[in-house]
Amino acid sequence: TCAQIKSDTKSPVAKASISLLIEATVKTLSVRQKRDAPSVWSPMPGEDMEQFGSRLCQQLGAGNCSECLQTAFWCGWCSEQEFSGSRCDMVHRLTDRGCPTEDVMSPRSQTLITRNEPDPPDKKHIFFAPQEAILRMRPGRSMPLYFEVLPPPPPSVKAIDLYILMDMSKSMADDLFLLWDSLDKLVQTVIYGHKHVRLGFGTFVDKTVLPFTNTHNLDEPCKGCAPAFSFRHVQALTDDFSQFSNSVTEQEISGNIDAAEGLLDALMQATVCEDQIGWRHDAARVILVLTDAPFHWAGDGRLGGIVQPNDGLCHMDENGEDAESTKQELIFSILSGLSYCGSVERQDAGP
């Protein structure tokens, strides 16, 4: 649409500024614009920048108001019925040629902040500022919208549910031994200063389809390895740390083929299977991932013929495994409900 604004660009300073803007814009024109109309987007011999800008408006935007406004930001359209000559021109040239200022269409893009509450009435934390804005944009133009992501306030933690999710691929064999040896220290570190801590344990490897896992020998995907699996829930959250330690020490290494692992499948099940994992509603929920490899992204499942999107539901069977891992694809959006803290790197392995 064409909106009316008042513009005062009759002074020499304003004209010089517009000429400089035209010059800067022409120097940064896209390759496509130059390719489609190379002669139009090049100044004629002896033509100054203001004449050049005026010619662009008249040649490319003469059809109608919409075409005129999309030609360049300095072009305006005269809607006065009795106006003669090209209706699309630089704003100050239109007024100089007799077009009334109120009939010159040349809207400018602007941002109106309509909601920016630092402390909402319901006392809920606000993650973005501003929360609401209206963009009024000139046809064919783009404009940025700047917003700030606000960190959440420090939580008042009275209880902690810590679920350890460990990579059980072959390269993690030495790490499993290290975890066994450091279980007592881990438990003491976690529960220090906290009276309401519970620990849980789960494992993951990869989707049990080619090219991720050797399907010709799922019972022993690598020499001396346990049967292949995607995700396995081992120990529900408990404050019986002896039981937790026993569950961890009973685990065996498995294997897959490629370098990346099926972490996202495991994270999904560990997050949404609330009853099976034992998440408390009044506790801080923490998942600690132990791995030495990157993970598969959205789209990787297609390599194994898996195209069905992940439905975000719990599919844990009676063995604690993900029953749908070979049927549902990984989707990046499953991470939207999770908070990622970071990674720890070893000198002899990846993050």
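The values are calculated or read from the model by the stated rules, or taken from the named source; none is laboratory data. Note that the structure is predicted; figures quoted are calculated from it, not measured. Because the Cβ atoms are built from the backbone with ideal geometry, glycine has one as well, and the counts that use them run over all protein chains shown. For accessibility, only protein heavy atoms count, side chains too; no ligands or nucleic acids. Shrake-Rupley method; radii C 1.70, N 1.55, O 1.52, S 1.80 Å.
If you plug each phi of region 106-111 into the Karplus form 6.51 cos²θ - 1.76 cosθ + 1.60 with θ = phi - 60°, what whole-Hz ³J(HN,Hα) values come out, in order, with x for Gly and Pro?
7, x, 10, 5, 8, 10
Tell me, what HN-Hα J-couplings in whole Hz come from the Karplus equation 6.51 cos²θ - 1.76 cosθ + 1.60 at θ = phi - 60° for each residue of region 218-232, using x for Gly and Pro?
For region 218-232, the Karplus curve yields 5, 6, 8, x, 8, 4, x, 8, 6, x, 6, 7, 8, 9, 9 Hz.
Ordered by residue, what ³J(HN,Hα) values in Hz, to whole numbers, does region 237-249 give under the Karplus form 6.51 cos²θ - 1.76 cosθ + 1.60, where θ = phi - 60° and Gly and Pro are x?
4, 8, 9, 8, 6, 5, 4, 4, 4, 4, 5, 5, 6
Would you please give the FRET efficiency between T111 and N319, computed as 1/(1 + (r/R0)^6) with r the Cβ-Cβ distance and R0 = 56 Å, to the nearest 0.05?
Working: r = 55 Å, r/R0 = 0.98.
The formula returns an efficiency of 0.55 here.
Could you give the C-alpha radius of gyration of region 251-322 expressed as a fraction of 2.2 N^0.38 Å, taking N as the number of residues it contains? Write out the running numbers ahead of the final one.
Details: Rg = 13.9 Å, N = 72, 2.2 N^0.38 = 11.2 Å.
For region 251-322, the normalised Cα radius of gyration comes out at 1.24.
In units of 2.2 N^0.38 Å, what is the alpha-carbon radius of gyration of region 199-322? Walk me through the numbers before you get to the answer.
Working: Rg = 14.9 Å, N = 124, 2.2 N^0.38 = 13.7 Å.
Expressed relative to 2.2 N^0.38 Å, the Cα Rg reads 1.08.
Going by average Cβ neighbours within 10 Å, how do the peptides 232-244, 200-212, 67-79 rank, with the highest at the top? Let's see the in-between values first.
On the way: 232-244: 17.8, 200-212: 24.2, 67-79: 22.2.
Order by mean packing, descending: 200-212, 67-79, 232-244.
Out of the total accessible area of region 187-235 (probe 1.4 Å, heavy atoms of protein only), what percent is carbon and sulfur?
Numbers: 1220 of 2360 Å².
So the carbon and sulfur contribution to the accessible surface is 52 percent.
Taking N as the number of residues in region 102-251, what is its alpha-carbon radius of gyration divided by 2.2 N^0.38 Å?
On the way: Rg = 26.5 Å, N = 150, 2.2 N^0.38 = 14.8 Å.
Normalised by 2.2 N^0.38 Å, the Cα Rg of region 102-251 equals 1.79.
Using amide H atoms built in the peptide plane, which far-off residues or other-chain residues are under 5 Å from G76 H to H?
Amide H neighbours of G76: D89, M90, V91.
Which far-off residues, 5 or more places away or on another chain, put their amide H under 5 Å from the one on A284, with H placed in the peptide plane?
Distant-sequence amide H within range of A284: K158, A159, I160, D161.
For a quick check: with amide H placed at 1.01 Å from N, whose amide H comes under 5 Å from C222's, ignoring anything fewer than 5 positions away on the same chain?
When sequence neighbours closer than 5 places are left aside, there are no close amide H contacts.
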